[in-house]
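Comments concern the structure below.
The values are calculated or read from the model by the stated rules, or taken from the named source; none is laboratory data. The structure presented is a predicted model; accordingly, all values stated were derived computationally and were not measured. Because the Cβ atoms are built from the backbone with ideal geometry, glycine has one as well, and the counts that use them run over all protein chains shown. Just so you know, the surface numbers come from the protein's heavy atoms only, side chains and all, with ligands and any DNA or RNA stripped out. Shrake-Rupley method; radii C 1.70, N 1.55, O 1.52, S 1.80 Å.
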Amino acid sequence: MVDVAIVDYGMGNLRSVHQAVRKVAPNASVSVTDDAKIIAAASRVIFPGQGAMPDCMRELGARGLSQTVLEAARNKPFLGICIGLQMMFEHSAEGDVPGLGILAGDVVRFASGLKDENGAKLKVPHMGWNRVHHADHLLWNGIAQNERFYFVHSYYVQPKDADLVQGTSEYPQRFVCAVTQENLFAVQFHPEKSAAAGLRLLQNFINWNPV
């Protein structure tokens, strides 16, 4: 049995995620895999994503992993990253496609014509380092309030339940960038690309044993 399964459905930033996990958990058994049996047996699961939501949902289904991911997200420590956060929700405006529906809410696009506080136009996708204001959760242990994390995205989640929200950022309006529900934690930013703060979050996840 592997300690950490990183789900490979052809769409994630797998190499960087794998390297980051190996760095924070050098003694753990870590597998990048599209094998449903390995994912189902793993102690904890990381679900990265990169690209367009319709492509990600299609590839997940084509590889026969949808049900396996659903079960993992409900039953064991589970970390979603980027599209791996968005896919947890019911519906995405990107391609007008349903998500996995584990969490209630939608995925919406940043508005066009966004401007910063000085009136300068902001680009979509939102790309770069942004401060994250976080709530009180074990995965934030050792991470300063308003620490910077690395983002690359054009869409963000709008949970129906405010109690799910564990982190927010601004571009320029406030948007949700981290959620949790029982054994599930998911983030819009890329911890594997977020230097020391991102590595600390991954380490916290490796050590997290939700009740």
Return P(r) of the stretch 105-211 (all Cα-Cα pairs; 5 Å bins starting at 0; whole %; ordered from short to long distances).
2, 11, 23, 24, 19, 12, 5, 2, 1, 0
Peptide ranges 133-139, 203-209 listed from the most packed, as the mean C-beta count within 10 angstrom indicates
203-209, 133-139
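Out of the trypsin sites (Lys or Arg not before Pro) in the stretch 89-166, which ones are loop residues according to DSSP with at most 16 other C-beta atoms within 10 Å?
Details: sites: Arg109, Lys115, Lys121, Lys123, Arg131, Arg148, Lys160; in loops: Lys123, Lys160.
Listed in order of number, the matching sites are Lys123, Lys160.
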Using a 1.4 Å probe over the heavy atoms of the protein chains, calculate the carbon and sulfur portion of the accessible area of the stretch 134-211 as a whole percent.
45 percent
For the Cα atoms of the chain, what angle does the longest principal axis make with the long axis of helix 53-62, in degrees from 0 to 90, nearest 10?
10 degrees
What is the distance in Å between the Cα centres of the stretch 28-97 and the stretch 152-167?
17 Å
Does anyone have the angle between helix 14-24 and the longest principal axis of the chain? Alpha-carbon axes, 0 to 90°, nearest 10?
70 degrees
Express the accessible area of the stretch 2-94 per residue in Å², computed with a 1.4 Å probe while the remaining protein chains stay in the model.
38 Å²
At R0 = 35 Å, FRET efficiency that the Cβ-Cβ distance of His133 and Lys37 yields, to 0.05
0.30
Value of Rg to Rh for the chain (Rh from inverse mean 1/r over Cα pairs, i.e. Kirkwood)
0.94
Within the stretch 91-211: Cβ-based charge dipole about Cα centre, in debye rounded to nearest 20 (Lys, Arg +1; Asp, Glu -1):
420 debye
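Over the stretch 64-130, with every protein chain in place, what whole percent of the accessible area is carbon and sulfur at 1.4 Å, could you tell me?
Details: 1470 of 3060 Å².
That fraction is 48 percent.
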Return the single residue from Gln188, Gln145, Gln166 with maximal mean-square fluctuation; model: Gaussian network over the chain, springs between Cα atoms under 10 Å.
Gln145
